[in-house]
Amino acid sequence: MSARTGAGPGTAAGMAAGTAAGTAMDTARKVADAVLYEGYLLYPYRASAAKNRLRWQFGVLVPPAYVETAEPSASVTECLVEGASNALVRVRLRFLHVKERRVELAEGDGFVPVPRLEAGGTTYLTFDEATEREVEVVLAMPALLGVERTVPVAIPGDHAEEPIPTGNGAAPLGRVVTEHRPLRAVLRVTAESGAGPYGLTRLRVRLENATAWTGDGTREHALLRSLVAAHLLIGVTAGRFVSLSDPPEWARAAAAGCVNENTWPVLVGEPGHRDVVLSSPIILYDHPRVAPESPGDLFDATEIDEMLHLRTRTLTEDEKREARATDPRAAEIIRMAGDLPPEMMERLHGAIRHLGEPARREPLPWWDPMSEAEVSPGSDSVTVAGVEVARGSRVRLSPGRRRADAHDMFLAGRTARVEAVLLDVDGARHLAVTLEDDLGADLHRSHGRYLYFAPDEVEPVAPDGEAGA
């Protein structure tokens, strides 16, 4: 469903600005869809798989009276907008509405719930699905300053029954019952102008599940009345959002003062654009994107598409049949993996994003080693017991008392080769080393996987193998 309430643009310029904001939010939708369906179903996409028995892990807002699992019933998003005193704010709420699907066997004059039925070569499974819900509201920023606007959200329920035919004209073998429970939610939107010369406005959106709870205490029943994978897309027609993950220095204090509960707001859209924020239930970086090579949603954005496609192809015919019966979206994954042409599979194997060193258009961040030319881990040195230690030096390890890892006792007295001398942000030196008697030292060195010690935790070793200068 879609609902629009509140103030809209009243001039041609305002209408154009509103259209631009809507386009930006549509551009961000692909990333938002990946968030919406993260973990919806996991390989091997079958209802019987152990990993698909405990579902709906991200962004679940339960009814406020349901307290058995300590899951939240509300989320709070606070973000900063620069120069948006006359902007229109577009808030788009998106979530999954769990749809119960029960298979029932005809028995006498009634029906009995069963896990599965086979009829006419078709498998029918008891397994919940989900329906996308979307509600949008457009509000004028001046009307939000110092005032909380409440937007009620009502999602009606529905009930449907589909007979399971026997195929020989006899009475149905059973039926499939699907049902959505009605949901009620509330969006509370307000804004506050910040003091100071920078023109920042703090925008706050609180999302609450206001559905009544009269269930039996099980999480499965509570999920039917929950907002699942709930997230917000927030856009402005004027002004720009400030990154909360990496704010500019002048906005760092204001960004630190933003309170976000059960959600993580990041900038979305094309890099450099700051007119849309995705308030996500999972931690993301600014301007996340789905790899253009990905041919479709596999409901696991942290996994590798190539691996999931190849493993899906290895499923037996019985496993594929169960996956198709599990969920229509799982059936689409089975079809997509089977129909993927070789050239598409080759694209999944790897991609080159850049050839050569890209042009530097902005200063490097402070944490990038290349931002300080005077820091050179490969050639820097540190003096230990009167001896200059640098890359290539041999040292004997003597882990200090401040170490809490019991495994360090196995390193005491062993010799190592210094690979780099590092400087941390507090100005302290550290030595990256590889063990001389480690058969995997070359592999660790090629991957940059080292052991790290402070200078006072090593003793220089002379070329002849004796400790000392």
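Of the numbered criteria (1) on the phi < 0 side of the Ramachandran plot; (2) free of Cβ contacts under 8 Å to residues at least 24 places away in the same chain; (3) open to solvent by 40 Å² or more (accessible area, probe 1.4 Å); (4) more than 29 Å from the chain's Cα centre (by Cα), the one Gly110 fails is (3).
Look at (1) in contact (Cβ under 8 Å) with a residue 40 or more places away in the chain; (2) among the β-branched types (Val, Ile, Thr); (3) surrounded by fewer than 22 Cβ atoms within 10 Å (Cβ to Cβ) and you find that Val89 fails only one, number (3). How about region 55-86: which of its residues are buried (at least 22 other Cβ atoms within 10 Å of the Cβ) and aliphatic (A, V, I, L, M)? Those that are buried (at least 22 other Cβ atoms within 10 Å of the Cβ) and aliphatic (A, V, I, L, M): Val60, Leu61, Val62, Leu80, Val81, Ala84. Filtered by the rule that a residue be modelled with pLDDT of 90 or more and either touching a His at 6+ places or on another chain (Cβ under 7 Å) or of a type outside the set (Asp, Glu) (or both), region 196-212 gives Leu200, Thr201, Arg202, Leu203, Arg204, Val205, Arg206, Leu207, Asn209, Ala210, Thr211, Ala212. Scanning region 112-152 for residues that are of a type in the set (Gly, Ala, Ser) and part of a loop (DSSP other than H, G, I, E, B) returns Gly120, Gly121, Gly146.
Whether a residue is over 20 Å from Pro281 (Cβ atoms), outside any strand (DSSP E or B) and touching a strand residue (DSSP E or B) at 6+ places or on another chain (Cβ under 8 Å) was assessed, and Ala65 does not pass this test. Among the residues of region 304-360, just one is modelled with pLDDT of 80 or more, farther than 28 Å from Ser48 by Cα and not in a helix (DSSP H, G or I), namely Pro341.
Of note, Leu278 does not satisfy the criterion of being outside any loop (DSSP other than H, G, I, E, B), open to solvent by 40 Å² or more (accessible area, probe 1.4 Å) and not β-branched (Val, Ile, Thr).
Within region 435-457, the residues that satisfy the criterion of being part of a helix (DSSP H, G or I) and either closer than 20 Å to Phe410 by Cβ or of a type outside the set (S, T, N, Q) (or both) are Ala441, Asp442, Leu443, His444, Arg445, His447, Pro455, Asp456, Glu457. The lone criterion from (1) surrounded by 15 or more Cβ atoms within 10 Å (Cβ to Cβ); (2) free of Cβ contacts under 8 Å to residues at least 60 places away in the same chain; (3) out of contact with any helix residue (DSSP H, G or I) (no Cβ under 9 Å at 6 or more places or on another chain) left unmet by Arg252 is number (1).
Regarding region 138-148, can at least one residue be identified that is of a type in the set (Asp, Glu), open to solvent by 30 Å² or more (accessible area, probe 1.4 Å) and touching a Lys or Arg at 6+ places or on another chain (Cβ under 6 Å)? Yes: region 138-148 contains one or more residues that are of a type in the set (Asp, Glu), open to solvent by 30 Å² or more (accessible area, probe 1.4 Å) and touching a Lys or Arg at 6+ places or on another chain (Cβ under 6 Å). Tell me, yes or no, whether region 69-77 has at least one residue that is in contact with a helix residue (DSSP H, G or I) (Cβ under 8 Å, 6 or more places away or on another chain), within 30 Å of Thr312 (Cα to Cα) and modelled with pLDDT of 85 or more. Checked region 69-77: no residue is in contact with a helix residue (DSSP H, G or I) (Cβ under 8 Å, 6 or more places away or on another chain), within 30 Å of Thr312 (Cα to Cα) and modelled with pLDDT of 85 or more. Go through region 255-271 and give me each residue that's within 26 Å of Arg347 (Cβ to Cβ) and open to solvent by 40 Å² or more (accessible area, probe 1.4 Å). Listed by number, the residues that qualify are Glu270, Pro271. Among the residues making up region 151-193, those that are open to solvent by less than 20 Å² (accessible area, probe 1.4 Å) and farther than 30 Å from Gly257 by Cα are Ile155, Ile164, Gly174, Val176, Val177, His180, Leu183. Flag: Lys51 matches the condition of being modelled with pLDDT under 90, closer than 23 Å to Ala222 by Cβ and in a helix (DSSP H, G or I).
Of the residues making up region 311-335, just one is without any contact (Cβ under 8 Å) to a residue 60 or more places away in the chain and in contact with a Leu (Cβ under 9 Å, 6 or more places away or on another chain), namely Arg313.
The values are calculated or read from the model by the stated rules, or taken from the named source; none is laboratory data. Given the structure is predicted, the values throughout are model-derived calculations rather than measurements. Reconstructed Cβ throughout: ideal geometry from the backbone, glycine too, with neighbour counts over all protein chains shown. Accessible surface areas use protein heavy atoms only, side chains included; no ligands, DNA or RNA. Shrake-Rupley method; radii C 1.70, N 1.55, O 1.52, S 1.80 Å.
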